[in-house]
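Below is one structure, written out as structure tokens; comments come after it.
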Amino acid sequence: MTVGSRLIRDGLRLAVHSGGNRGETLVFQHGLCGDARQIAEAMNGLGGQRWQGLECRGHGASELGPAISIALFADDVAAMIETMAAPVVLGGISMGSTIAMRLAVTRPEQVRALVLVRPAWLTEAAPSNMAPNAEVGGLLARMPAAEAREVFRQGPTAQRLAQVAPDNLNSLMGFFDRLPHDATARLLTTIAADGPGISEADLANLQLPVLVCGTAEDEIHPMAHARALAALIPAARLVELPAKSRDKPAHLAALAAAITLFLKEIENEPARS
């Protein structure tokens, strides 16, 4: 994985990462409070597939700035795609999949196919599955990280997730170590309360190939969301991955296999006019 360039937006330096050397470039975006390492992990099993991703404002090596939203993050990704040979195959994990959905609706000339992995949003803002992220962000905003961690660990959300979605709990506990704490708090609370700004009708009108990948034992990225998106988007295909909390290598291998097959199937499909 390499940092290929910096995208300048609103005076902020945003990091562009890339990898692979085979085939058409897959543009792929990380999740909330993730970074390019999450993208690279998902791309690792794709046999050298060429990929590129932008670290959103306040993520990885990208500067934060005064404004953050899913729409603004999507505009930044659109600006990156403008430097490439569009339309592209666009995808992402969690928040990254929401960015991809928004761009397929708002910038259809840029997107010829979608890869939506563990989607955390449908169309509404502040979905209930994002409440644990908002809870962690709120604690970090109100108290020192060590104290916030202990309060969360002993609370009902952590106790419940330990039983039903331990991978979610691991991710949430990791946010208490993410620096700077004030930026992490702001990202978690602001983005958890946001939405993609698109409608179910918009999704139903999409005319492009779509791969939707969901998994069980994941309350922040409910399998029900993946099923709902696959039902809403006419040309969508649903793949259920092994639970990440039970077998992460199997989860990643199944994801790589699903993306590889999808890319092969759409390789010679013409772009939309």
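None of the figures in this text is laboratory data; all of them are computed from the coordinates on show. The model shown is predicted, which means the values in this text are computed figures rather than measured ones. In this analysis, Cβ positions are derived from the backbone assuming ideal geometry, glycine residues included, and neighbour counts consider all displayed protein chains.
Suppose every Lys and Arg Cβ carries +1 and every Asp and Glu Cβ carries -1, with no other charges. What dipole size does the chain come out with about its Cα centre, to the nearest 20 debye?
Computed about the Cα centre, the dipole is about 320 debye.
Select from 53, 138, 96 the residue whose mean-square fluctuation is largest in a Gaussian network model of the chain (Cα-Cα springs shorter than 10 Å).
The residue that fluctuates most here is 138.
Determine the percent antiparallel among the DSSP beta bridges restricted to the chain, to the nearest 5.
Roughly 30 percent of the DSSP beta bridges within the chain come out antiparallel.
Compare the Cα positions of 69, 91, 17 along the charge dipole of the chain (+1 at Cβ of Lys, Arg; -1 at Cβ of Asp, Glu; about the Cα centre) and return the one farthest towards the positive end.
The one lying farthest along the dipole's positive direction is 17.
Taking 7 Å along the Cα-to-C-beta vector as the label spot, tell me the residue 50-residue 72 distance in nanometres, rounded to one decimal.
3.2
For residue 115, what residues show an amide H to amide H distance below 5 Å, using hydrogens built from the backbone and excluding near sequence neighbours?
90, 91, 92, 211
So for 98, 260, 123, fewest C-beta neighbours within 10 Å to most, what's the order?
Going from least to most buried by this count: 260, 123, 98.
R0 = 22 Å: FRET efficiency of residue 163 with residue 246, Cβ-based, nearest 0.05?
About 0.95, to the nearest 0.05.
Let me check against my output: what whole-number percent is the relative contact order of the stretch 128-191, with C-alpha pairs under 8 Å and at least 6 apart?
Contact order relative to length: 54 percent.
Kyte-Doolittle cut-off -1.0, length cut-off 15 Å along the helix's own axis using Cα: show which whole DSSP H helices in the chain pass.
Qualifying helices: 70-81, 95-106, 131-142, 181-192, 248-266.
In a solvent-free Debye calculation with one equal scatterer on each Cα, what is log10 I(q)/I(0) for the stretch 172-273 at q = 0.10 Å⁻¹, listed in the order of the q values?
Taken in order of the listed q values, log10 I(q)/I(0) reads -0.41.
Could you grab the relative contact order for the chain? Cα pairs under 8 Å, six or more apart, rounded to a whole percent.
Relative CO of the chain lands at 18 percent.
To the nearest 20 debye, what charge dipole does the stretch 1-131 have about its Cα centre, counting +1 at the Cβ of each Lys and Arg and -1 at the Cβ of each Asp and Glu?
220
Estimate the FRET efficiency between residue 25 and residue 204 by the formula 1/(1 + (r/R0)^6), using the beta-carbon distance for r and 30 Å for R0, to the nearest 0.05.
The pair residue 25/residue 204 has a calculated efficiency of 0.60.
Using every alpha carbon pair in the chain, what percent of pairs falls into each 5 Å bin from 0 up to the bin containing the largest distance?
P(r) for the chain, in whole percents per bin: 1, 6, 13, 18, 20, 18, 13, 7, 3, 1, 0.
Assigning unit charges at the beta carbon (Lys, Arg +1; Asp, Glu -1) and nothing else, what dipole magnitude in debye, to the nearest 20, does the stretch 118-273 show about its Cα centre?
200
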